[in-house]
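One structure is given below, encoded as structure tokens.
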């Protein structure tokens with residue numbers, strides 16, 4: 001336990017150092033533009049959806065599972081908003097409704113994984129296609145864009161008097177809730193236990209299936225919320241919204257130091273990972289680095305994030321030999 | 001305990017739903033006037049005699065980078081920039097999804113560029129970002145694909161419907177060398193907006209006395225699918241033994257039709273024209289299957305859009321109808337209704353000039 005915390009802390013420290021480095025280099029090389037309120041606002045908007053979805057996905061991955069259908073749930077939620085809005089529903093009904101639909105999408109994933117014992121990788125690759133397909137059935141290739149300004153403003157203007165985008169405010173609140181759930185509750189301890197050793201957790205009396213189901217439901221519901229944010233940010237409801245976003249989210253979570261095998265990771269690390277990926281991308285674009293290089297840098301950073309903790313552990317393991325239980329391989 | 005908690009949650013949710021169901025923000029009670037707002041919302045008066053400013057910073061934002069069509073447009077934009085001493089910077093996303101341009105629009109605003117020249121991936125998704133960029137003083141010119149009218153200053157349209165439709169009929173008449181005969185149209189899908197508008201103009205043209213010897217016998221639809229267009233061409237030729245010419249006003253259709261003619265006994269006997277890209281059509285123009293075809297020249301499109309951006313930034317125009325400005329080598333242009341500029345008649349590609357184009 002203490003070892004785990006120490007290992008995670010070390011990686012987080014590295015992330016924070018990297019973040020500060022990116023901030024300093026950015027600030028100097030753009031003569032103060034990078035950390036200006038305006039740019040932080042745009043940066044916040046750009047990472048909003050990724051940051052939101054990363055929260056529940058962190059818990060899912062810590063529990064040794066994966067959910068690749070998140071971006072498709074985002075798309076389905078966006079398509080539903082457009083379709084129901086056209087059908088004359090009021091937004092006050094539409095929004096809770098699509099969150100509920102997102103929760104149901106998550107529950108379907110969760111039930112297939114827990115009740116039928118299917119691997120979540122296979123299940124959510126399937127539902128990735130299924131939910132995106134449903135989104136296309138609902139809205140086709142059309143776009144709905146006539147949402148009232150009073151709603152789209154949440155996605156295009158900062159909180160009055162600050163540079164803070166509303167989606168980031170929402171993210172901050174949810175991040176605190178998820179951090180408490182993961183790191184300061186019996187629920188969170190169960191999630192870690194399941195990820196580290198599922199069978200052991202079951203023998204210890206933890207309701208593994210139930211907890212996993214809750215995690216998938218959370219993942220679906222928050223993805224639907226991200227769909228709402230996305231729709232209003234671009235004031236455009238489309239079935240292909242957020243296409244491919246799941247990879248960016250998984251990338252951010254892994255960069256945040258969460259082990260893909262489960263059982264290890266902190267929410268603070270993930271927040272730092274999200275900020276680092278988003279900040280680096282923003283800075284490179286601001287410095288007119290071509291898109292191709294941008295993709296290469298993101299890819300390298302990801303490989304590094306998977307490699308470095310493994311190397312650190314290997315080295316640390318050789319220096320202080322101790323028995324180590326890896327989580328179950330998916 | 002837990003089931004009771006869940007029940008309570010369901011109750012609260014249902015209550016919230018029921019409560020919000022009465023009244024609320026719906027499509028009906030929301031004012032829709034904002035979407036029909038005037039373009040440009042031009043501020044201040046235009047001074048047609050203002051000189052073009054030196055050292056303007058212009059961002060060129062295509063639908064996606066590494067797309068040959070936009071690479072050519074970018075060359076035109078850079079050429080225009082060089083001619084009036086502006087710094088044109090090309091940037092953009094690697095995918096053409098609806099929202100991928102927004103980051104780049106925000107960045108242009110952040111970099112305090114003077115103007116933004118873009119082809120919008122999605123008219124609405126880019127609108128909020130464009131509006132906030134314009135609030136910060138950027139002039140916004142769209143080309144090729146427009147954004148929402150109230151989110152940009154000027155849209156540079158590639159060609160007018162009239163010019164395209166009339167041009168196509170003239171090309172087929174020329175190809176048939178005054179002898180005339182039966183012709184057919186191979187279009188995209190039956191409900192393709194652009195194609196249907198062009199076909200309507202073609203029909204008006206064909207009704208004119210000078211085209212009395214041309215007889216339109218069928219309009220076929222290849223659905224902008226290569227294989228379908230190929231088979232429809234075959235079908236047209238079998239159904240109408242006296243067919244002398246085909247017009248295909250879609251890049252997919254004209255290339256498929258050319259490929260069919262090239263491999264069939266009709267090669268050289270049936271004329272073909274349409275809207276195509278030089279790279280797709282090069283082989284068929286060089287081997288004589290196709291005498292000529294048309295399309296706008298993307299480099300001129302980029303050139304004009306960049307000049308329009310400079311004219312806006314220099315105060316020569318504000319985007320209001322009737323304003324005039326000079327666009328370098330292309331001559332004088334007048335802003336039309338809804339802040340639109342039309343590049344002009346499409347460029348005609350033949351054996352003689354196709355070597356100069358690469359897109």
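We did not get these values from a lab; they are worked out from the coordinates using the rules stated. Values in this document were obtained by computation on a predicted structure and should not be read as measured data. Using ideal geometry, Cβ is built from the backbone for each residue, glycine included, and neighbour counts are taken over all protein chains shown.
Brief remarks follow.
- Using only alpha carbons, region B:239-359 has a radius of gyration to Kirkwood radius ratio (Rg to Rh) of 1.14.
- Average beta carbon contacts from partner chains per residue of B:125-132, 10 Å cutoff: 5
- When you count the other C-beta atoms within 10 angstrom of each residue and take the mean per peptide, A:58-68, B:267-277 line up highest first as A:58-68, B:267-277.
- With R₀ set to 45 Å, the beta-carbon distance separating residue A:172 from residue B:226 gives a calculated FRET efficiency near 0.30.
- Whole-Å distance, taken between Cα centres, linking region A:140-181 and region B:141-192: 42 Å
- Label zone at residue B:197 (point 7 Å along Cα-to-Cβ), backbone N below 13 Å, region B:313-346: B:337-338, B:340-343
- A convex hull fitted to the Cα coordinates of the protein assembly as shown yields 193 cubic angstrom per residue.
- Calculated over region A:95-162: convex hull of Cα atoms, volume per residue (Å³): 143 Å³
- Global form of region A:2-313, assessed from the alpha-carbon gyration tensor, a/c cut-off 1.5: oblate
- Distance between region B:211-236 and region B:254-268 - C-alpha centres, whole angstrom: 12 Å
- Annotation: peptides B:95-103, A:143-151, ranked by per-residue average of other Cβ atoms within 10 Å with the highest first, follow the order B:95-103, A:143-151.
- When only Cα pairs below 8 angstrom with a gap of at least 6 residues are kept, region B:161-295 shows a relative contact order of 28 percent.
- Compared with the alpha-carbon gap, the fully stretched path from residue B:135 to residue B:83 is longer by 15.9 nm at 0.36 nm per residue.
- Shape call, region B:161-295: gyration tensor on alpha carbons, a/c limit 1.5: rounded
- Take each residue of peptide A:88-96, count the partner chain Cβ atoms within 10 Å of its Cβ, and average: the result is 6.
- Percentage of interatomic Cα-Cα distances in region A:1-106 larger than 18 Å: 69 percent
- Peptide A:13-24 has a mean of 0 when you count, residue by residue, the C-beta atoms of other protein chains within 10 Å of its C-beta.
- Listed peptides A:34-47, A:192-205, B:346-359, A:236-249 by packing density, highest first (mean Cβ within 10 Å): A:236-249, A:34-47, A:192-205, B:346-359
- Global geometry of chain B, whether rounded, prolate or oblate, following the gyration tensor of its Cα atoms and the 1.5 cut on a/c: oblate
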